[in-house]
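I have placed the structure first, in the form of structure tokens, so that the comments after it can refer back to it.
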């Protein structure tokens, strides 16, 4: 279980507990948090679940694979360091306190 | 208070009601579904869910609480019997009725079945469309069992990949000259044929099913080549049909799907349609798309138009398929291409670019998200790409966007 803070582009914060094994995308979806669309449902096929991870968390997350890097490169206004696709981040206890910010829009 | 009712609780229905609320609609919303479950994702049914890697909880599009919080009434497991578009009434099969101000048909599609005349009604013969379909067939996926897949489209190939991974002995027959012939170029067919053959799947092209054999339960199949093979179970992946029965009975115009105008309106007043079931105007003719992307985009457009946006639908087709470790991503529509330009392979990545004259119309990208994303951007913005640059691996793909 991890407590995750999702920050909408407007600055509105949502703090929710997400079960281990779910993805950060699914945590937003299941709690009805706007700003993460995930049209493909988590198949790393659409790049509409893009967030900016809080700088302090960048190195604590599992690394991006090549496919995620490529998809992110074409997301809306990506940041080379902080951008991630939330469907590719699995939740574990180690992610307790994670903070992510949604971009202005998804593609 | 305005009451918007959607019939069909799949991807399009779910996208519609979510959009209505996110755009500020505060009237009454009812989402009616024939299946007994809240809207879920269908794509994993033939992939991760069938394989057992993804559970039901991860399949749901929204949590139960979300519908409550957003004041959306779900009526699940309640098939609609008929619609009266004059009195704007829906009748359920138990004779209960419901009044609407605006009705959206998001009824989706149903798989074609193998006719009973060729054994399609035998036990052990399945289609892949609903959760119930997949739950019913799952126990059959045991190592050493013999599976016959009829139809070499994406559904059949994805099911073949799952089965092969689980040690099932798979034979796939495709009646036409090659697998994926309806939706892709020969290059893509070749790629997937090689992939499946390397995993031990037997692919027979130009071979149809003559008849299934067995009494009560399928035990074999006679193929059009004359060969008879023993079979433990069968999956038919022979296409889907738009679900139009309700609309038809209500006197709503049908034309390869429920006919809509560019904004999603049907021929009857206050009735709209979106998703797999809807055919919309495209150029001189009409088009109907069977994909998640289309279901979402069209449903969101209809939601906006219900609230007065007055927008026309501009499809931006995209699609994906996962088979073994290959991710296929498709941008655009390949119908009408006259030649293919190949990029790669580079490592496990290869992409096929479909051209009509000089115009880029679609890209099939295997393990190459860059090719997919660049192709998608180009096609959606009406641009093309120089074929010599596409095929030159030393040219960075992103430069094609300039």
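The values are calculated or read from the model by the stated rules, or taken from the named source; none is laboratory data. This is a predicted model, so every value here is computed, not measured. Here the Cβ is made from the backbone with ideal geometry for all residues, glycine too, and neighbour counts use every protein chain on show.
Would you say residue A:87 is within 14 Å of chain B (Cβ to nearest Cβ), under 22 Å from residue B:59 (Cα atoms), touching a helix residue (DSSP H, G or I) at 6+ places or on another chain (Cβ under 9 Å) and not in a helix (DSSP H, G or I)?
Answer is no for this residue.
Check B:238, B:234 and return the single one that is part of a loop (DSSP other than H, G, I, E, B) and buried (at least 18 other Cβ atoms within 10 Å of the Cβ).
Unique residue meeting the criteria: B:238.
Condition (residue is within 14 Å of another protein chain (Cβ to nearest Cβ), modelled with pLDDT of 95 or more and part of a strand (DSSP E or B)) applied to the range B:95-108: is it met by at least one residue?
No; the residues of the range B:95-108 include none that is within 14 Å of another protein chain (Cβ to nearest Cβ), modelled with pLDDT of 95 or more and part of a strand (DSSP E or B).
Can you tell me which residue within the range B:324-354, out of those that are within 12 Å of chain A (Cβ to nearest Cβ) and closer than 21 Å to residue B:199 by Cβ, is surrounded by the most Cβ atoms within 10 Å (Cβ to Cβ)?
Applying the filter and picking the extreme gives B:329.
Which residues, counting only those in the range B:393-402, are assigned to a loop (DSSP other than H, G, I, E, B) and without any contact (Cβ under 8 Å) to a residue 40 or more places away in the chain?
If the condition is that a residue be assigned to a loop (DSSP other than H, G, I, E, B) and without any contact (Cβ under 8 Å) to a residue 40 or more places away in the chain, then B:394, B:395, B:396, B:402 are the ones that fit.
Could we say that residue B:313 is more than 30 Å from residue B:388 (Cα to Cα) and either within 14 Å of chain A (Cβ to nearest Cβ) or over 15 Å from the mean Cα position of the chain (by Cα) (or both) here?
Yes; evaluated as a whole, the condition is true for this residue.
For the range B:18-32, name all the residues that are buried (at least 17 other Cβ atoms within 10 Å of the Cβ) and out of contact with any strand residue (DSSP E or B) (no Cβ under 8 Å at 6 or more places or on another chain).
The answer is B:18, B:19.
Within the range B:356-371, does at least one residue satisfy the condition of being within 14 Å of chain A (Cβ to nearest Cβ) and free of Cβ contacts under 8 Å to residues at least 12 places away in the same chain?
The answer is no; no qualifying residue exists.
Quick grid of which residues meet (1) under 17 Å from residue B:296 (Cβ atoms); (2) under 14 Å from the mean Cα position of the chain (by Cα):
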{"residue": "A:2", "(1), (2)": "no, yes"}
{"residue": "A:11", "(1), (2)": "no, no"}
{"residue": "A:14", "(1), (2)": "no, yes"}
{"residue": "A:24", "(1), (2)": "no, yes"}
{"residue": "A:31", "(1), (2)": "no, yes"}
{"residue": "A:34", "(1), (2)": "yes, yes"}
{"residue": "A:43", "(1), (2)": "yes, yes"}
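Any chance you could count how many residues in the range A:6-17 are out of contact with any strand residue (DSSP E or B) (no Cβ under 7 Å at 6 or more places or on another chain) and surrounded by 12 or more Cβ atoms within 10 Å (Cβ to Cβ)?
Selection size over the range A:6-17: 3.
Of the numbered conditions (1) surrounded by 17 or more Cβ atoms within 10 Å (Cβ to Cβ); (2) in contact (Cβ under 8 Å) with a residue 40 or more places away in the chain, residue B:293 fails exactly one; give the number of that condition.
Just one mismatch for residue B:293, condition (2).
Any idea how many residues of the range B:92-119 are surrounded by 14 or more Cβ atoms within 10 Å (Cβ to Cβ) and either without any contact (Cβ under 8 Å) to a residue 60 or more places away in the chain or in contact with a strand residue (DSSP E or B) (Cβ under 7 Å, 6 or more places away or on another chain) (or both)?
Going through the range B:92-119 one residue at a time, the tally reaches 18.
Looking at the range B:33-91, which of the residues that are part of a strand (DSSP E or B) and surrounded by 17 or more Cβ atoms within 10 Å (Cβ to Cβ) is nearest to the other protein chains (Cβ to nearest Cβ)?
B:60
For the subset of the range B:373-388 comprising residues that are within 14 Å of chain A (Cβ to nearest Cβ) and farther than 17 Å from residue B:315 by Cβ, which member is surrounded by the most Cβ atoms within 10 Å (Cβ to Cβ)?
B:374
Residues of the range A:18-65 being surrounded by fewer than 18 Cβ atoms within 10 Å (Cβ to Cβ), free of Cβ contacts under 8 Å to residues at least 12 places away in the same chain and either closer than 18 Å to residue B:320 by Cβ or within 12 Å of chain B (Cβ to nearest Cβ) (or both), which ones?
A:32 - this is the single residue of the range A:18-65 that is surrounded by fewer than 18 Cβ atoms within 10 Å (Cβ to Cβ), free of Cβ contacts under 8 Å to residues at least 12 places away in the same chain and either closer than 18 Å to residue B:320 by Cβ or within 12 Å of chain B (Cβ to nearest Cβ) (or both).
Can you spot a residue in the range B:245-258 that is free of Cβ contacts under 8 Å to residues at least 40 places away in the same chain and touching a helix residue (DSSP H, G or I) at 6+ places or on another chain (Cβ under 7 Å)?
Yes - at least one qualifying residue is present in the range B:245-258.
Take residue A:39 and decide whether it is over 10 Å from the mean Cα position of the chain (by Cα) and in a helix (DSSP H, G or I).
No, not satisfied.
Quick check on residue B:207: is it surrounded by 15 or more Cβ atoms within 10 Å (Cβ to Cβ) and within 25 Å of the chain's Cα centre (by Cα)?
When the stated conditions are applied, residue B:207 passes them.
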